[in-house]
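Read the figures in this text as sums done on the coordinates, not as results from a lab. Owing to the predicted nature of the structure, the values given are computational and were not obtained by experimental measurement. In this analysis, Cβ positions are derived from the backbone assuming ideal geometry, glycine residues included, and neighbour counts consider all displayed protein chains.
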Amino acid sequence: MDIEESSSEKRGPLLSELRTPKTEILILDMDEAMAKDAVELATSALTQFNLEKEVARYLKQKFDSKYTKTWHCVVGRSFGSVVTNEKDKFVYFKVDRYAIMLYKACT
């Protein structure tokens, strides 16, 4: 067990269910319905999981299942990235203080 896993047992979810979080789509290269699905799934995951990597894993698995493989997801408060994605398969958004980048990798 790593330090991150042992400390996560003591923490609650990343977001509280008691209030509606602020959401903002920053970059959209995706069908609006698919992006809405991503925001809703992310918001739900942030109220369920203790770690950002758990939220990322959850979103990736949901999108792999619903929209076919292979999706990648990054969740965090601060990160930089350069990615190559399939056309019309990229969204970058915020849920409160968490930035989320979700994209389908080129095959």
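When Lys and Arg each count +1 and Asp and Glu each count -1, what net charge do the other residues less than 9 Å away from Trp71, Cβ to Cβ, add up to?
Summing Lys/Arg as +1 and Asp/Glu as -1 gives +4.
Taking the Cα centre of the chain as the origin, how large is its charge dipole in debye, to the nearest 20, when only Lys and Arg (+1) and Asp and Glu (-1) carry charge on their Cβ atoms?
I would put it at about 60 debye.
For Lys22, give me every one of the lysines with a C-alpha distance below 17 angstrom, ignoring sequence neighbours fewer than eight places off in its own chain.
Lys36, Lys94
May I ask for the angle, rounded to the nearest 10°, between helix 52-67 and the longest principal axis of the chain, with both axes built from Cα atoms and the value confined to 0 to 90°?
40
Relative to the longest principal axis of the chain, what angle (0 to 90°, nearest 10) does the C-alpha long axis of helix 32-48 take?
Tilt of helix 32-48: around 10 degrees.
Can you bin every Cα-Cα distance in the chain into 5 Å intervals starting at zero and give me the percent of pairs per bin, rounded to whole numbers?
2, 12, 24, 25, 19, 11, 6, 2, 0
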